[in-house]
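S.K.: What follows is a structure written as structure tokens; I'll ask about it next.
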Amino acid sequence: MTDAASAGDVWRKSKASQPSGNCLEVAIGDEAVRVRHSQEPSGAVLSFTHAEWRAFLTGARNGEFDLPE
């Protein structure tokens, strides 16, 4: 985890994000994928390698991180 995003990061959030703004933003860079809370852009940033991000996306697509019903 880092304290702030890199100045050159281009942040995106899902089109499915809530109107309340409680969502994550993602910046995909050459070296890493960074994740932050959209309402705290100057707050903490999680950083993942591309391999870690691909593994997470695969798990998410397979329903491994779905909320319990």
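The values are calculated or read from the model by the stated rules, or taken from the named source; none is laboratory data. Since the model is a prediction, treat every value here as computed from it, not as a measurement. Glycine also receives a Cβ, built like all others from the backbone with ideal geometry; neighbour counts cover every protein chain displayed. Areas reflect the complete protein model, heavy atoms only, side chains present, ligands, DNA and RNA absent. Shrake-Rupley method; radii C 1.70, N 1.55, O 1.52, S 1.80 Å.
S.K.: For segment 42-61, which positions are part of a loop (DSSP other than H, G, I, E, B) and open to solvent by 50 Å² or more (accessible area, probe 1.4 Å)?
M.R.: 42, 44, 49, listed by residue number.
S.K.: Which residues, counting only those in segment 19-66, are of a type in the set (Ser, Thr, Tyr) and more than 10 Å from the chain's Cα centre (by Cα)?
M.R.: 20, 42, 49, 58
S.K.: Which residue pairs have Cβ atoms under 7 Å apart, sit 6 or more places apart or on different chains, and have a first residue in segment 44-69 that is on the phi < 0 side of the Ramachandran plot and a second that is modelled with pLDDT of 95 or more and in a helix (DSSP H, G or I)?
M.R.: Here the result reads 65/59, each pair linking segment 44-69 to a residue that is modelled with pLDDT of 95 or more and in a helix (DSSP H, G or I).
S.K.: Moving on. Pick from 12, 61, 36, 54: which is touching a Gly at 6+ places or on another chain (Cβ under 9 Å), modelled with pLDDT of 90 or more and of a type in the set (D, E, K, R)?
M.R.: One residue alone meets the criteria, 36.
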